[in-house]
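The structure under discussion appears below in the form of structure tokens.
Bear in mind these aren't lab numbers, they're just calculated from the coordinates by the rules spelled out. The shown structure was predicted, so the numbers you read here are calculated from the model rather than taken from an experiment. Note: ideal-geometry Cβ built from the backbone for every residue, glycine included; neighbour counts use all protein chains shown.
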Amino acid sequence: MSVVYYVMDGEDGILVSTMRARSKAKAIVAHPKVSLCILDEQWPLTYLQVYCTAELDSDLDRATDMMMRISAVMAGKEMPKSARTEVEEMCRREQRVVLSLSPYATFQTPPRHVHEAEDLKGLTHWTSSSMPW
């Protein structure tokens, strides 16, 4: 497992950028079933695990488009078109590929937290559940 940025591809697809030499890319070629653990940014911490079928796309233009989108997520704002040339060179140098993930199921556990002694009254823990994407 590793930490990655991702962007949505339409309503159901998930895109991840990585280098061709990384284990993620090699693993997908060998076995295209993957999972992605998405952490909530709010407290209390929760997560959603998404099970996907993955494909690797080595097209340079698609990798560049993807890194432009990821750079915007990282920066919190759109990247100017003038940055594309530098991003494309980075994608070429790092041999960037796009991992296209097609979800088919999810798994989640609802959070339960205690902040004060009163929170213990009626505290329950549910079992986890799997549901279709």
Cut-off is 10 Å between beta-carbons; in what order do ARG69, ARG20, ARG92 appear when sorted fewest neighbours first? ARG92, ARG20, ARG69
Expressed in nanometres to one decimal, the distance between label points 7 Å along Cα→Cβ at LEU48 and ALA72 is 2.0 nm
For the chain, what does the relative contact order come out to in percent, with C-alpha contacts under 8 Å and a separation of six or more? 29 percent
Mind checking the dipole of the chain: about its Cα centre, +1 per Lys or Arg Cβ, -1 per Asp or Glu Cβ, Debye to the nearest 20? 480 debye
What does the net charge come to around VAL34 if you take all other residues with beta carbon closer than 11 Å to its beta carbon, with K and R at +1 and D and E at -1? +1
So, for the Cα atoms of the chain, Rg and Dmax in Å stand at 18.3, 59
Fewest-first ordering of THR106, THR18 by Cβ atoms within 10 Å yields THR106, THR18
